[in-house]
Amino acid sequence: MDRSIVFSVVHPRVRSSLLPSVRAFVCRFRTCCCLALFLGSKSRFLSAFISVSFMNNQKQQKPTLTGQRFKTRKRDEKERFDPTQFQESIVQGLNQTGTDLEAVAKFLDASGAKLDYRRYAETLFDILVAGGMLAPGGTLSDDMTRTEYCLFTASEDLETMQAYAQVFNKLIRRYKYLEKGFEEEIKKLLLFLKGFTESERNKLAMLTGILLANGNISASILNSLFNENLVKEGVSAAFAVKLFKSWINEKDINSVSASLRKVGMDNRLMELFPANKRSCEHFSKYFTDAGLKELSDFARNQQSIGARKELQKELQEQMSRGETLKDIIAYVREEMKKTSISEQTMIGIVWTSVMSSVEWNKKEELVTEQAIKLLKQYSPLLKAFTSQGLSELTLLLKIQEYCYDNIHFMKAFQKIVVLLYKADVLSEEVILKWYTESHVAKGKSVFLEQMKKFVEWLKNAEEESESEEEEGD
């Protein structure tokens, strides 16, 4: 049958799909015919046709783009970050509530269910503090909607700042996931201080002090105040005055110092000043003149603690190096003059250094022998700094506390005291005073029982001495 007739009765769409296959078949057939004529055999024609068909079928198919297209769920589609609409909603709500901070708190509480606070936390806090989104440096973005009802436009007094602190407190308690974002916002605002007016800085300082007192933010945010540019221009120190005043007004200096110690800021307050003014004297004068004497005293005490730690470390190193007692005593006396450390404080440092200079045996029966040997060696050092009765009593109390805190020394207390008595480090008057009235509660019953016989012996010796003196007269 003629090929054209066959194709004419086939549907046009089917015909177009069959055409490539038919053409390929005809092409193979012609190739086989040529081979058969060349070889001159019908059997060879058949084998040639099979070979050619097989080779054609072995050709590598061209890759085609196939696959099923999946429809993305609406909830999985990532929304573009666009705070404009969010900002307009917040600004509109704040304009409606005005200066009524109770209404502001209620509006923010209700809006959290409709607006994406998690995504736009920074925008939210920028608006509440500055009235609009802040550009780098602390300036307001010109192309964004603003509100006149914010922290920076509020009255500059402690009562208003306390009310604003309540707004932030309620918001963060309601939406706990905002807590971290709020702390990051405060850190950012502190870095932007130069971009704010003096009044705006004062309000932010008072608010920050109140938030720190309430525990809404960590004292680690103060790290932003150590920025070199802020310190150099005196912005950090001035801001710190307002901040600590409001913080101490809410709590006391003990609470402030505890918070600072918790995050390791207690020894860094000097960094509020440039390097050439970073001294205890300058710090003390600056904050005392600003009405913060308690902060000055705290800083001075911290510096003293730091100096004591360094002194103790150096003493231990000198002992481990085997320095002579004469050299160690000279060094300690020089440090006492430099740092104005009292003898009572110094004897405590010397005792701790001596007892930390060796590794103690874990067996109770051996540790006493080891302690006696060590204290015999260093008794001249202890004697050099117990020239006053109060220093002797301080040392005796240190020994009591040490033996109580280190359980292996519980039975060694009496032997240590007797040794130091014989070495003229502790006097009988001080030992008797400790026994009758000046001991501390730590291990009291155990240590008093240990000292009972020795104290009786001291009393008898004292009575005999008095009677001999009377007979001599």
Checklist outcome for this item: Of the residues in segment 88-111, those that are among the hydrophobic types (A, V, I, L, M, F, W, C) and in contact (Cβ under 8 Å) with a residue 12 or more places away in the chain come to ILE90, VAL91, LEU94, LEU101, VAL104, ALA105, PHE107, LEU108
Item to check | Verdict on GLY209 being assigned to a loop (DSSP other than H, G, I, E, B) and without any contact (Cβ under 8 Å) to a residue 60 or more places away in the chain | outcome: no
Next on the checklist: Just to verify a result, which residue in segment 327-342, among those that are in contact with a helix residue (DSSP H, G or I) (Cβ under 9 Å, 6 or more places away or on another chain), part of a helix (DSSP H, G or I) and open to solvent by 70 Å² or more (accessible area, probe 1.4 Å), is nearest to PHE244 (Cα to Cα)?
Outcome noted: LYS338
Next on the checklist: Can you tell me which condition SER387 does not meet? The list is (1) of a type outside the set (A, V, I, L, M, F, W, C); (2) open to solvent by less than 50 Å² (accessible area, probe 1.4 Å); (3) in a loop (DSSP other than H, G, I, E, B), and all the others hold.
Outcome noted: (2)
Next on the checklist: Please pick out the residue among VAL367, VAL418, VAL358, VAL425 that is open to solvent by less than 60 Å² (accessible area, probe 1.4 Å) and closer than 16 Å to MET451 by Cα.
Outcome noted: VAL418
Checklist entry - Among the residues of segment 116-136, how many are under 19 Å from THR208 (Cα atoms) and touching a helix residue (DSSP H, G or I) at 6+ places or on another chain (Cβ under 7 Å)? => result 11
Checklist entry - Among TYR378, TYR404, which is part of a helix (DSSP H, G or I), closer than 23 Å to MET346 by Cα and open to solvent by 90 Å² or more (accessible area, probe 1.4 Å)? => result TYR404
Checklist entry - Quick one: would you say GLU281 is more than 30 Å from LYS383 (Cα to Cα) and exposed (fewer than 15 other Cβ atoms within 10 Å of the Cβ)? => result yes
Checklist entry - Which of the residues that make up segment 310-319 are loosely packed, with under 15 Cβ neighbours inside 10 Å and modelled with pLDDT of 90 or more? => result LYS313, GLU317
Checklist entry - Being within 26 Å of GLY138 (Cα to Cα) and not in a helix (DSSP H, G or I), is that true of even one residue in segment 247-256? => result no
Item to check | Qualifying residue in segment 326-348 (condition: modelled with pLDDT under 90 and within 30 Å of GLY209 (Cβ to Cβ)) | outcome: no
Item to check | Subset tally (residues that are among the hydrophobic types (A, V, I, L, M, F, W, C) and either touching a Pro at 6+ places or on another chain (Cβ under 9 Å) or surrounded by fewer than 20 Cβ atoms within 10 Å (Cβ to Cβ) (or both)) for segment 218-236 | outcome: 3
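The values are calculated or read from the model by the stated rules, or taken from the named source; none is laboratory data. Everything quoted here is computed from the prediction, not taken from an experiment. All Cβ positions, even for glycine, are placed from backbone atoms using ideal geometry, and neighbour counts span all protein chains on display. What goes into the accessible areas is simple: the full protein's heavy atoms, side chains included, and nothing from ligands, DNA or RNA. Shrake-Rupley method; radii C 1.70, N 1.55, O 1.52, S 1.80 Å.
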